Amino acid sequence: MRNEKSFSIEFDGRVLHGVSSAPLAPGRHPAVVICHGFKGFMEWGFFPFLARLLAERGFCAVRFNFSGSGMQPGDELVTDPEAFRGATFSQDLRELRAILGAVGKSIAADCANPHRIALVGHSRGAGTALLAAADENSSIKALITWAAVSSFDRLSARERDGWRQSGELEVVNTRTGQALTIGPDVLTDLETHASELDLFAAARRRSAPWLIVHGRDDETVSFSEAEHLRAVASEPTDLCPIEGGDHTFGARHPFVGPTVPLTAAMNATQIWLRRYLSPSGPSESD
């Protein structure tokens, strides 16, 4: 059983919308903040299912939309293409930091323990979660990445030059067929803040116990990227290959239920969270 509440917080002139899913048992529980990826949103596919499962296991799960998703709660299409167009990687990181700072305060104040927080991220959101966990003053207790990118720079030099010359990069959402654009500010951010957005450097300096979950058959982010991250990561880190798992572990939107690869990813995630963020005995300051 679980208790779900919607929330909204204002940050940097934008409003971030989300949902917390908490156990029905009273008290402040360990919190798990879930980050969606590129062209994703908090209601996509497995995110609600994962959040509710974690709540039933004794965690307070917090999922939210990055403002750059261009989507409001309940949307199935991007309804703010300008927000999508201008969503930089640095902006995502600042927004995640704002969410983390609000958990147990303005977000899930009655049920989330702000001193016991873990991060779960998928794809681009996994990269953002890794950066947040690597912050100098981070108090993240556990990190789990699903299908994490090892770099935000996914384009060739020729493709970047074309983007720079035209002033935009067109992307198509294969699920909806919606054509969208990414503006020049995103490229500028990637080039100007290359060191701050370096995921290999983040992998080396973060100290939160990290579980790298990745499908062996990922068609979007190669399994080799997970191996490269594991190779440079500081300890404790573990790589969990998911046999038969693609980029979304077989899940689609709308969600029709867990697949074998998704079940394996969720089981590994629960085990890691129980090891490093045990839900037993929630307290105010633990």
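Of the residues that make up segment 145-157, is at least one among the hydrophobic types (A, V, I, L, M, F, W, C), in contact with a strand residue (DSSP E or B) (Cβ under 9 Å, 6 or more places away or on another chain), in a strand (DSSP E or B) and within 19 Å of residue 37 (Cα to Cα)? Within segment 145-157, one or more residues are among the hydrophobic types (A, V, I, L, M, F, W, C), in contact with a strand residue (DSSP E or B) (Cβ under 9 Å, 6 or more places away or on another chain), in a strand (DSSP E or B) and within 19 Å of residue 37 (Cα to Cα). Taken over segment 158-190, residues that are of a type in the set (D, E, K, R), surrounded by 12 or more Cβ atoms within 10 Å (Cβ to Cβ) and free of Cβ contacts under 8 Å to residues at least 60 places away in the same chain amount to 2.
The residue pairs whose first member lies in segment 250-272 and is at positive phi, whose second member is surrounded by fewer than 20 Cβ atoms within 10 Å (Cβ to Cβ) and not in a helix (DSSP H, G or I), and whose beta carbons are closer than 8 Å, counting only pairs six or more residues apart or on different chains, are 250/244; 250/259. Would you say residue 119 is assigned to a helix (DSSP H, G or I) and touching a residue at least 12 places away in the same chain (Cβ under 8 Å)? Taking the combined requirement at face value, the residue does not satisfy it. Just wondering, is there one or more residues in segment 83-98 that are surrounded by fewer than 24 Cβ atoms within 10 Å (Cβ to Cβ), of a type in the set (A, V, I, L, M, F, W, C), closer than 14 Å to residue 18 by Cβ and without any contact (Cβ under 8 Å) to a residue 60 or more places away in the chain? Checking segment 83-98: not a single residue is surrounded by fewer than 24 Cβ atoms within 10 Å (Cβ to Cβ), of a type in the set (A, V, I, L, M, F, W, C), closer than 14 Å to residue 18 by Cβ and without any contact (Cβ under 8 Å) to a residue 60 or more places away in the chain.
For every residue, the table says whether it meets (1) closer than 11 Å to residue 33 by Cα; (2) in contact with a Leu (Cβ under 6 Å, 6 or more places away or on another chain).
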| site | (1), (2) |
| --- | --- |
| 84 | no, yes |
| 89 | no, yes |
| 94 | no, no |
| 100 | yes, no |
| 106 | no, no |
| 109 | no, no |
| 117 | yes, no |
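Number of residues in segment 122-139 that are crowded, with 23+ Cβ neighbours inside 10 Å and assigned to a loop (DSSP other than H, G, I, E, B): the value is 1.
Read-outs throughout are calculated quantities, based only on the coordinates presented, and are distinct from any laboratory measurement. Computed from a predicted model, the values in this text were never measured in an experiment. Using ideal geometry, Cβ is built from the backbone for each residue, glycine included, and neighbour counts are taken over all protein chains shown.
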